1. Looking at the range 62-88, which of its residues are more than 11 Å from Arg45 (Cα to Cα) and free of Cβ contacts under 8 Å to residues at least 24 places away in the same chain?
2. Kindly indicate whether Thr106 is hydroxyl-bearing (Ser, Thr, Tyr), at pLDDT 90 or above and exposed (fewer than 13 other Cβ atoms within 10 Å of the Cβ).
3. Taking Val97 as the residue in question, decide whether it is surrounded by 13 or more Cβ atoms within 10 Å (Cβ to Cβ), on the phi < 0 side of the Ramachandran plot, of a type in the set (A, V, I, L, M, F, W, C) and modelled with pLDDT of 95 or more.
4. Quick one: which strands (runs of 3 or more DSSP E) sit completely within the range 57-96 and have at least 1 residues that are out of contact with any strand residue (DSSP E or B) (no Cβ under 7 Å at 6 or more places or on another chain) and among the charged types (D, E, K, R)?
5. Could you grab the pairs with beta carbons closer than 9 Å, sequence gap of 6+ or different chains, first residue in the range 32-48 and aromatic (Phe, Trp, Tyr) and at pLDDT below 95, second one surrounded by fewer than 16 Cβ atoms within 10 Å (Cβ to Cβ) and not in a loop (DSSP other than H, G, I, E, B)?
Amino acid sequence: MTRFLALAVLLCSLPLLAANGTRLTVQVNSMDTGKPIDRASVIVRFRHGLNPVKMKKILTSWETKTNQMGSVTIPEIPMGEITVQIIADHYQTYGDVFELTKPEQTIEIKLNPPQPQYSEDAKGIHTK
């Protein structure tokens, strides 16, 4: 009877231990216009954090694209430190480290347009 009770308590507590995750939403907008950027590549890498129960394989990296509203939602990742990288046509590449501490978290990112390119020849410096 005691073993059965201990097993029941253990099985009931597993979902609580495994529920230490975050549902992450990344919103990507233009710094100039404030409009959402669709089809931007979003790469999220889990660095380290809390994962008390290692009974199933947990993904440590996700690669996806934003929708027409400039957002992407990743179902559930462990709480802790992540690296987010955004790559979009006609914008500067963005990358930063974030700490996930809440069950649902939104990260808003504003992308800058590319800087002008310079070339140097015998006549001087030119802007393209």
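The values are calculated or read from the model by the stated rules, or taken from the named source; none is laboratory data. Computed from a predicted structure; not experimentally measured. Neighbour counts run over all protein chains shown; Cβ positions are idealised from the backbone, glycine included.
1. Thr64
2. Working: hydroxyl-bearing (Ser, Thr, Tyr): yes; at pLDDT 90 or above: yes; exposed (fewer than 13 other Cβ atoms within 10 Å of the Cβ): yes.
Here the answer is yes, as Thr106 does meet what is asked.
3. On the way: surrounded by 13 or more Cβ atoms within 10 Å (Cβ to Cβ): no; on the phi < 0 side of the Ramachandran plot: yes; of a type in the set (A, V, I, L, M, F, W, C): yes; modelled with pLDDT of 95 or more: yes.
Here the answer is no, as Val97 does not meet what is asked.
4. none
5. Pairs found: Phe46/Ser61; Phe46/Glu81; Phe46/Thr83.
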